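Note sheet for the following structure.
The values are calculated or read from the model by the stated rules, or taken from the named source; none is laboratory data. Bear in mind the structure is a predicted one, so any value in this text is a computation, not a measurement. Cβ sites come from the backbone with ideal geometry, for glycine too, and all protein chains shown count toward neighbours. Protein only, heavy atoms only, side chains kept; ligands, DNA and RNA dropped before computing areas. Shrake-Rupley method; radii C 1.70, N 1.55, O 1.52, S 1.80 Å.
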Protein chains: 2
Amino acid sequence: MTAVRPRTRARRGEGSKLREVILDTAERLLIEARDADAVSMRAIADAVGVTPPSIYLHYADKEALIRAVCERSFAAFDEVVERAGNTTDDPVESLRRRARAYVQFGLDNPEQYRILFMGKAAGVADPIDLSNMPGSLAFLHLVEAVERAIGAGLLRPGLEPFLVATGLWAAAHGMTSLLISLPEFPWPDVDTLVDHVCESMTYGLGRPDQRKQAQP
Amino acid sequence: MTAVRPRTRARRGEGSKLREVILDTAERLLIEARDADAVSMRAIADAVGVTPPSIYLHYADKEALIRAVCERSFAAFDEVVERAGNTTDDPVESLRRRARAYVQFGLDNPEQYRILFMGKAAGVADPIDLSNMPGSLAFLHLVEAVERAIGAGLLRPGLEPFLVATGLWAAAHGMTSLLISLPEFPWPDVDTLVDHVCESMTYGLGRPDQRKQAQP
DNA sequence: CTGCTAAGTGAACGCCGTTAAGTGACAGGG
DNA sequence: CCCTGTCACTTAACGGCGTTCACTTAGCAG
């Protein structure tokens, strides 16, 4: 019962203003409910002050609306991570700051993160367009950051940047994902965890003197 | 249309046999649909050969039934990972084999994994009982495996086994989770990825000579 | 055979996402 | 000033969902 039909009809040619209002409202309800299934089209329509079919004038279906919400939330994702990475000149420290920013951003937008990165796989019928995903650009920038670290001689030469970036992404995502889905686990402090994992991946958990072989 | 009411009423005292039949059927439909939402109680009842209310004689609600399916699928999880870890005497190699087994088990039971480890956080009202989760025992065993590796002098002394185990878990989960949710990403071969991440976490991505400091 | 009770069924409730058809207001032309 | 087209929306409904309640039927003990 947030706003029950106070809305006045839009003027001619301004029908698409409703699109924005719906998006804002859906985002608010999604954040409040922390669960897309618990946000019904009817509830969104009610909160906007409109009837349910009006939503379909602007969004094909519920999934499209929810995805629009998530994509807008994550529009700033790449930029935030990039900015965090650019606060230092040390390419390895930069990677650590990127990881921190990644995890924090996910935790700040948990349901959106869950829908975008932890949802059910798209069917073979309508596969996700990876290139349009908000995270794609961020991943490309991560690959570049890895290349800089290798180029600076701080990571082992010969490492494949793509493979390294994929591994770093998986590690950051793993922390984010588990923190979102299993909050009752006795997690250490988030930054402690992120720093530990970055430290592990940079310097290794193994004793240097026990090192068997360093692959190229 | 898999089996439309061929079922004969159970004998007296054997009502709980239906419980197992429902569980088997729900598991089958869940695997087929790869999506719990797409498996309706009515569809399960139909496939069993029974009416929907009968399910509620054995399971409180749909969530309880689906969770029962997932928990049964993951009953063998800890054992599988342990067995994989016990195929070598080298404690570090053992960790790598555990990671491989973890990821593979998740990929073999993707929807169950997604529900158990990538679901929405339980509300504050009814928090998940972590100690009863199938993964809890596996995590404890992972902590022990880490302790053995430290005890054998293969990992840096002074490392906190719990923190290390949490980081390894996050890394393994991150790969599993992303592989499940974003199959259209150009993933490297799964074992290549797992091995790379394990290698990174063991020996580090950094050049040994560039090492700054080794935290205790 | 009778009666008890376990093992189900039938029918309904209120919700959901979605669609087809209808309506009313407003801008522009005559 | 009124007519008319069309844009912005509503009304009403469909089929499906999880779930509940009242009811019935079938197997067994006595």
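Neighbouring Cβ atoms from other chains, within 10 Å of the Cβ of residues in A:107-115, number 1 on average.
What the Cβ-Cβ distance of B:ALA125 and B:ALA75 gives, at R0 = 22 Å and to the nearest 0.05, is a FRET efficiency of 0.25. For the listed residue pairs A:LYS62/B:LYS120; A:LYS120/B:LYS120; B:LYS17/B:LYS120; A:LYS17/B:LYS120, the alpha carbons are over 22 angstrom apart in B:LYS17/B:LYS120; A:LYS17/B:LYS120. Note on A:185-198: average number of Cβ atoms from other chains within 10 Å of each residue's Cβ is 3.
Per-residue mean of foreign Cβ neighbours for A:154-162 is 3 (Cβ atoms of other chains, 10 Å radius). Note on the stretch A:98-216: dipole from Cβ charges, positive end direction compared against A:PRO127, A:LEU182, A:LEU159; the farthest Cα belongs to A:LEU159.
Averaging 1/r over each pair of different alpha-carbon atoms in the stretch B:59-171 and inverting the result gives 15.1 Å, the Kirkwood hydrodynamic radius. In this structure the amide hydrogen of B:LEU155, modeled in the peptide plane, comes within under 5 Å of the amide hydrogens of A:ARG207, B:ILE150, none closer than 5 places in sequence on its chain.
Based on C-alpha pairs under 8 angstrom that are at least 6 apart in sequence, chain A has a relative contact order of 18 percent. A simple packing score, the average count of other Cβ atoms within 10 Å per residue, orders the peptides A:144-151, A:114-121 as A:114-121, A:144-151, with the highest score first. The alpha carbons of the protein assembly as shown occupy a box of 69, 65, 37 Å along the principal axes, longest dimension given first. Here the Karplus curve 6.51 cos²θ - 1.76 cosθ + 1.60, taken at θ = phi - 60°, turns the phi angles of the stretch B:195-202 into couplings of 4, 4, 5, 5, 4, 4, 6, 7 Hz, with x standing for Gly and Pro. Could you work out how far helix A:91-108 tilts from the main Cα principal axis of chain A, as a 0 to 90 degree angle to the nearest 10? Helix A:91-108 sits at roughly 30 degrees to that axis. Computed about its Cα centre, the charge dipole of chain A is approximately 580 debye, with only Lys, Arg, Asp and Glu carrying charge at their Cβ.
Basic side chains Lys and Arg get +1 at the Cβ, acidic Asp and Glu get -1 at the Cβ, and with that the dipole of the stretch B:150-216 about its Cα centre reaches some 420 debye. Taken across both chains, chains A and B shield about 5900 Å² of accessible surface from a 1.4 Å probe. Each copy carries A:ASN86; placing its label point 7 Å along the C-beta direction from Cα gives inter-copy distances of 5.4 nm, listed from smallest up. Ordering of B:92-101, A:132-141 by packing is B:92-101, A:132-141, highest average first (other Cβ atoms within 10 Å, averaged per residue).
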